[in-house]
Every structure is written in C-alpha cells, then in structure tokens.
Amino acid sequence: MTKHEAARALLEKQLARLLERVGKLDADLRRTHDRDWQEQAIELENDEVLKGLDEMTLAEVRRIRAAFGRMANGTYGVCSTCGREISEARLAAIPSALTCVTCSTDTPGNA
Ligand SMILES: [Zn+2]
C-alpha cells in the first residue's frame, strides 16, 4: 500500500466516469452530423455546447492523468508552484490538485 493509494483509487474512479462521458459526448457529436442540412443551423449551436463540454471533460482527464504521472515519479502532493507539500485535506477534496491552497487558482476556500 503506497502513500497515495486512496487518492489513486478515487482518481481512477473519476477517470472512468469522465471517459464514459467523453464517449457519450462524442457519440452525440457524430449523430448531429448525420442530420440533413436544414437542421444543421440549429444543431450547430448545440454542437458548440457539446464541444465545450467535451473540452472541459478532456481537460479534467488530462489533469487526472498528470496526477498519475506525478504519483509515478514521486512528485504527487508537492505544489508545482512553490514546492511545498499540499495538505492532506486539499488532496482529499481535489485529488488532482497541482498546487497548494496558497498557490491555487481553483475556487478559494475549497480545501
Ligand atoms: Zn504552493
């Protein structure tokens, strides 16, 4: 059992959920393009929303994969900005956190 076993389990669960969501969004985007052209003006707007969601989800996937990378090279839990240890409470709340509370650009007061 390594130090970050709990965080890893949590991130793996999050990652599975996110990848499932990406799969659904991609399926939705593909379906949209099968419609005939009259409908596409309306669908295009919808498309933009889906793409935005897709990008947000993919950004989160990248964040989680980066966290796994940091677990592998031993830098997980260390602030990428100031190099100090990220508090256990913060990692429990945001397991993919890159920075400590002080350096955080996430929602303040979140951890
Ligand atoms: Zn910091």
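If a residue must be in contact (Cβ under 8 Å) with a residue 24 or more places away in the chain and under 28 Å from Asp28 (Cβ atoms), how many such residues does the stretch 45-82 contain?
Of the residues in the stretch 45-82, 13 are in contact (Cβ under 8 Å) with a residue 24 or more places away in the chain and under 28 Å from Asp28 (Cβ atoms).
Out of curiosity, is Ser96 modelled with pLDDT under 95, within 29 Å of Leu29 (Cα to Cα) and within 16 Å of the ligand (Cβ to nearest atom)?
For Ser96, the condition - modelled with pLDDT under 95, within 29 Å of Leu29 (Cα to Cα) and within 16 Å of the ligand (Cβ to nearest atom) - is met.
Quickly run through the stretch 55-90 and pick out the residues that are part of a helix (DSSP H, G or I) and not aliphatic (A, V, I, L, M). Spell out how you get there, then give the answer.
Within the stretch 55-90, the first condition is being part of a helix (DSSP H, G or I), and the residues that meet it are 55-73, 88-90.
Scanning the stretch 55-90 gives Glu55, Thr57, Glu60, Arg62, Arg63, Arg65, Phe68, Gly69, Arg70, Asn73, Glu88, Arg90.
Go through (1) over 19 Å from the mean Cα position of the chain (by Cα); (2) among the aromatic types (Phe, Trp, Tyr); (3) at pLDDT 90 or above and name the single condition Trp37 misses.
Only one criterion in (1) over 19 Å from the mean Cα position of the chain (by Cα); (2) among the aromatic types (Phe, Trp, Tyr); (3) at pLDDT 90 or above is unmet by Trp37, namely (3).
It is to be established whether one or more residues within the stretch 46-54 are surrounded by fewer than 15 Cβ atoms within 10 Å (Cβ to Cβ), charged (D, E, K, R) and either in a helix (DSSP H, G or I) or in contact with a Leu (Cβ under 7 Å, 6 or more places away or on another chain) (or both).
Looking through the stretch 46-54, at least one residue is surrounded by fewer than 15 Cβ atoms within 10 Å (Cβ to Cβ), charged (D, E, K, R) and either in a helix (DSSP H, G or I) or in contact with a Leu (Cβ under 7 Å, 6 or more places away or on another chain) (or both).
The values are calculated or read from the model by the stated rules, or taken from the named source; none is laboratory data. Fair warning: this is a prediction, and the values are worked out from it, not measured in the lab. Please note: Cβ atoms are built from the backbone with ideal geometry, for glycine as well, and neighbour counts cover all protein chains shown.
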